[in-house]
Structures are given as C-alpha cells and as structure tokens.
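Below is one structure; the comments refer to it alone.
No lab work stands behind these numbers, since they all come straight from the coordinates. A quick note: this is a predicted structure, and the numbers were derived from the prediction, not measured. Quick reminder, even Gly has a Cβ in these numbers, built from the backbone with ideal geometry, and neighbours come from all protein chains shown.
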Amino acid sequence: MSASHRPAVHFPSSRRSSDAIKNDLSAARLKDVKWRQGHAFSMVYFAEEEVYDVAKHAYTQYFSENGLNPTAFPSLRKFETETVSMVADLLNGPAEACGSWTSGGTESIFMAMHTARAWGEKHKPGITQPEVIVPITAHPAFDKAAHYLGIKLIHLPCAPDWRADVAATEAAITPNTVMLVGSAPQYCHGMVDPIEELGELAQRRNLLLHVDACVGGMILPFVEKLGRPVPLWDFRVPGVTSISCDLHKFGYTAKGASLILYRNRALRKHQFFVYTEWPGGIYASPSAGGTRPGGAIAAAWAVLNHLGEEGYKELAARTLDASDRYLEAIRQTDGLYIVADPVANIFGFASDKYDIFSIGDELALKGWHLDRQAQPPSLHLTVTASHGEVVERFTNDLRTAVEQTRKLSVHKLKDSGMKTIVKVASKILPEAWMSGLIKKGAGSSTPSTDGSPKRTAAMYGMMGSLPNRGDVHELVLDFLDKLTVAEHPAKGK
Ligand SMILES: *Cc1c(COP(=O)(O)O)cnc(C)c1O
C-alpha cells in the first residue's frame with residue numbers, strides 16, 4: 001500500500017535505542033506549558049521538589065503492579081484501603097465510612113451517579129427514570145455520567161452569589177429524584193455550595209447527597225485548620241452520603257488518583273460489580289476500571305504519609321498566602337473584578353471595561369495558561385503553593401495585558417464584523433462549511449493543537465455569538481475530532 005493509504009503515523013519498523021527515545025521525549029515537551037515556572041493555573045498541581053520525588057519514587061516502584069486483584073498484591077490492598085481510611089478520617093467520616101480508589105474525579109463522580117441509580121432502584125420503587133439535581137456550576141463529569149448512565153440531570157441556576165439555590169432545588173424534586181449534588185468548592189468561581197441546607201433537604205426528602213470535593217477535598221480541611229472560615233461541607237453534615245475527592249489535585253500525588261467515599265458500606269455495595277457466569281471465572285471489581293495502576297495507588301499512599309496534616313497545612317498556608325496576593329493584584333488592576341467571593345484559592349476574574357478574553361490572549365502570548373470561562377466571561381485561576389514565587393511577574397504581565405487590550409480597539413471592530421458574518425452564515429450554511437469559515441475567518445484564532453499560544457479571543461467571541469448552541473456543539477465536536485488524530489509527521493514537527 002502506498003503511504004497515502006495508511007494512517008498518518010506508521011508503526012515503527014525497527015528498534016530504536018533507549019537514548020534516542022529519551023531524546024524524543026525531551027524534545028517533545030519543549031512547547032508544553034511551563035508549569036514548573038508557575039505558568040499553568042490548572043491541570044498541574046505542584047507542591048515542591050521533595051513531594052514530587054516521593055510520588056515519583058513510589059510510582060516507579062509499583063508501576064507494573066495491578067490493583068485489579070488485591071489478593072495477588074497485598075501491598076496495593078494496604079495502600080488503597082489505608083488511603084481511603086485516612087481521607088475518610090480527614091473528612092470527618094464515621095467509623096463506617098468507606099470508599100474506593102478511582103482513576104480521577106470523573107470516575108469518582110461516575111461511581112457516585114451509578115450508586116445513586118442503583119440505590120434508587122432498590123429503595124425507591126416506582127422510579128421510571130432516575131433524576132439527579134445539580135447547580136449549573138457542577139462539573140461536566142455529572143453530565144457525562146448522566147449521559148452514559150441514562151440518568152436525567154436537572155440543572156438549576158445558582159443564587160446571585162454563585163452558590164446552589166436550595167429553595168429551587170426543593171421545588172425541582174420529583175418522585176424520580178434520587179440524589180442532590182453540591183460542590184466544595186465548585187471549580188468555576190470557587191464557591192462552596194450550602195451543603196448544610198442541602199443535607200437537611202436530602203434527609204427530609206429521603207434522598208442521597210453527593211458533595212463534589214474533587215478540587216477542594218485535599219485543601220479545604222487544612223484551610224479550616226488554619227483558622228479561616230469554611231462552611232461545613234464534609235461528613236459532619238448528616239445528610240452527606242458520598243464525597244468525591246481527588247488526590248491528584250491538592251493531594252499533590254501522581255495523576256490517576258481520586259477517591260469516592262461513602263458514609264457507610266451498605267451504600268458502597270451498590271457501586272460494586274460482580275459477574276459470575278464468565279467462562280474465565282468469577283469476575284468482581286469495585287469501580288469502573290479493570291486493571292488498576294499500582295503506581296498511582298502507591299504514590300498516593302506515599303505522599304499522604306510523607307506530608308501528613310503538618311505538611312498539608314504548611315502547603316495550604318503558602319497557597320492561601322499566594323492566593324491572597326493574586327486576589328489583591330487583580331482587585332487593584334483597573335477594570336478587573338473577582339467574580340464571586342471565593343472561600344480559598346480558586347476563583348474567576350472578569351472585566352466590566354475590557355474584553356476579558358483578549359486579556360487572556362495577551363497573557364497567553366506571555367506564556368500564562370488561564371482557562372476561559374463562559375458565565376460570566378472570565379479567566380480562571382487555581383492558585384497552588386508554588387505560584388507564590390511568580391506573583392510579581394504575573395501582576396506586571398497582567399497590567400501590560402490590560403493596557404494592550406485597551407489599545408486593541410481596531411481588532412475589536414474587526415471581530416464584531418466577523419461576529420455578524422458568522423451569525424448570518426451559521427443560519428444558512430451546513431456545519432462543515434461553518435467550521436471551515438470559522439477557521440478562515442479566525443485565522444490564527446483557531447485553537448492550536450500544538451499548545452503554542454495564539455489569539456483565541458475572536459473564536460470565543462464568535463462561539464458566544466452563535467445563535468444556536470447546537471452549532472457550538474458541532475464546532476467543538478469537529479475540533480475534538482481533529483485534536484484526537486495523529487498529525488502527519490511532516491506537519492507535526
Ligand atoms: C477536576 C474536577 C473534577 C473532575 O476530575 P478529573 O480528575 O479531571 O476527572 C470534578 N469536579 C471538580 C470540582 C473538579 O475540579
């Protein structure tokens with residue numbers, strides 16, 4: 001077959017030396033976001049070199065071991081069960097509290113949703129279509145799980161302070177409702193939902209209540225121990241039945257580590273899967289995955305024991321200190337404001353004067369990676385301990401970015417012209433034409449697949465102006481499709 005009839009990257013025909021591969025690996029990451037320099041405000045949670053080394057050592061020690069069968073690896077059974085117990089203790093679980101290790105927050109949330117559906121089938125006969133109620137700020141992992149599991153997800157607008165609206169939640173309960181959801185905190189604006197009120201409601205109406213503490217679970221307990229006001233959100237709230245808590249975020253361990261915790265073992269049993277009829281024998285597994293990476297399990301246990309409450313508290317203190325300085329710098333910058341009043345180190349900032357996404361573009365050109373948020377149009381910061389070292393540089397770059405955005409009025413005019421064209425075109429053109437048009441029109445505004453910073457404000461502006469969310473859905477599907485195929489080696493260089 002000629003080369004053009006094969007997928008872009010061909011299967012390697014011969015061996016290559018380990019040195020050559022190591023060089024490739026080093027070269028490949030040159031354009032990645034410089035997280036060690038504090039440039040990433042999401043995705044990477046870096047504490048300090050020693051913690052990193054502990055995680056790395058544990059990970060490589062156990063990277064071949066498989067947590068699928070804990071009788072073959074008593075070491076991993078110990079690490080997993082002890083990690084679950086330690087974190088259940090941290091989150092004030094009762095003696096009966098239990099849980100499972102999972103590959104990440106998304107799997108933890110999947111497990112909670114699956115458990116709720118199974119619990120509803122057993123305890124609420126007559127349910128025709130299980131429903132779960134979430135504030136719109138809940139993580140999309142709930143939508144993903146609902147989509148896969150055939151659960152109807154009811155999204156409710158938040159109160160004006162971006163916390164879940166408890167009265168609206170009560171009004172939305174139907175005979176099909178199985179679970180309520182709150183976050184501690186929600187990722188978008190860093191607010192902790194009113195978990196005590198939701199807990200009271202869940203108990204009164206005989207419903208489960210899941211608290212998504214994927215991002216907050218390993219930092220809020222220490223923020224509270226440092227004496228800052230944190231509303232109650234963990235197992236101290238009687239109505240809370242399950243909590244998702246990521247270790248690969250503020251647990252500072254290796255990627256692929258989260259926990260789903262339950263108030264009691266009876267509830268957790270709904271999560272387990274057992275199949276007894278397979279010719280290969282009896283198959284049982286606690287969570288969605290089959291083979292489970294020993295390295296990630298061992299690293300989590302190692303880092304928790306390395307840091308302990310003392311270490312996590314120190315890191316939380318440094319994180320809060322850094323976060324306060326970022327908040328202050330943003331509040332002191334002309335035209336910018338903090339979207340909500342965050343409990344700790346996660347927040348969004350917006351502008352009542354300038355195009356916030358243009359400011360994001362200017363920052364990206366200077367190497368800062370900030371998530372862009374839709375409601376309200378804003379940029380997002382997740383501040384970690386290591387960000388303290390770059391506050392001044394960030395502040396200077398932010399002020400310059402605002403200044404440059406102020407001068408960008410010419411570009412803005414061009415954008416608004418584009419928006420009108422897109423609005424009209426999207427009504428009359430088929431999807432494939434539309435995405436081609438967006439790419440042409442936006443020029444360098446197309447999201448880049450190689451991670452290099454490019455201007456995306458125009459694209460975000462257009463996305464926002466598309467009259468029909470279905471168009472956005474299609475555009476993003478198209479983009480995801482392109483992002484997930486290999487690039488031709490000549491182009492991919
Ligand atoms: C990160 C996050 C998740 C999803 O976790 P993954 O590890 O990315 O799957 C869920 N909820 C919140 C609040 C998060 O911050």
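Here are some notes:
- Selection among S85, G290, I21 by position relative to the dipole of the chain gives I21 as farthest towards the positive end (Cβ unit charges, Cα centre).
- All Cα-Cα distances of the chain, cut into 10 Å bins from zero to the largest, leave 4, 17, 26, 27, 19, 7, 1 percent in each bin in turn.
- Each of S18, S85 was scored by other Cβ atoms within 10 Å of its Cβ. Arranged with the fewest first, they read S18, S85.
- Computed about the Cα centre, the dipole magnitude for the chain is approximately 1440 debye when only Lys and Arg (+1) and Asp and Glu (-1) carry charge, each at its Cβ.
- DSSP-assigned coil residues among GluC sites (Glu not before Pro) in segment 1-56, each with at most 15 further Cβ atoms within 10 Å: E48
- Among 349-357, 152-160, the order from most to least packed when residues are scored by Cβ within 10 Å on average: 349-357, 152-160
- DSSP-loop chymotrypsin sites (Phe, Trp or Tyr not before Pro) across segment 114-180, with at most 16 other Cβ within 10 angstrom: none
- Ranking of R318, R292, R16 by count of other Cβ atoms within 10 Å, fewest first: R16, R318, R292
- Options A97, M179, C158, ranked by Cα towards positive dipole end of segment 49-186, top entry (Cβ charges): M179
- Long pairs among K144/K407; K78/K122; K366/K482; K144/K366; K313/K366; K152/K353, criterion Cα-Cα beyond 30 Å: K144/K407; K78/K122; K144/K366; K313/K366; K152/K353
- Loop-located chymotrypsin sites (Phe, Trp or Tyr not before Pro) in segment 45-102, at most 15 other Cβ atoms within 10 Å (DSSP): F63
- K56 versus I173: modelled label distance in nm, points set 7 Å from Cα along the beta carbon direction: 5.1 nm
- Short-range pairs are left out: with C-alpha atoms under 8 Å and at least six residues apart, the relative contact order of segment 1-122 is 9 percent.
- Mean separation of Cα contacts under 8 Å (6+ apart) over length of the chain, as relative contact order %: 18 percent
- When the Cα atoms of segment 152-298 are aligned to their principal axes, the ranges along those axes come out at 56, 41, 24 Å in descending order.
- Relative contact order, percent, segment 178-256 [alpha-carbon distance under 8 Å, six or more residues apart]: 34 percent
- Bridge orientation summary for the chain: considering DSSP beta bridges with both residues in this region, about 60 percent are antiparallel.
- Counting neighbouring beta carbons within 10 Å and listing from fewest to most, the residues L226, L408, L208, L483 come out as L483, L226, L408, L208.
- Considering only G239, G251, G281, and ranking their Cα positions along the charge dipole of segment 239-285 that arises from unit charges at the beta-carbon of Lys, Arg, Asp and Glu, the one farthest toward the positive end is G239.
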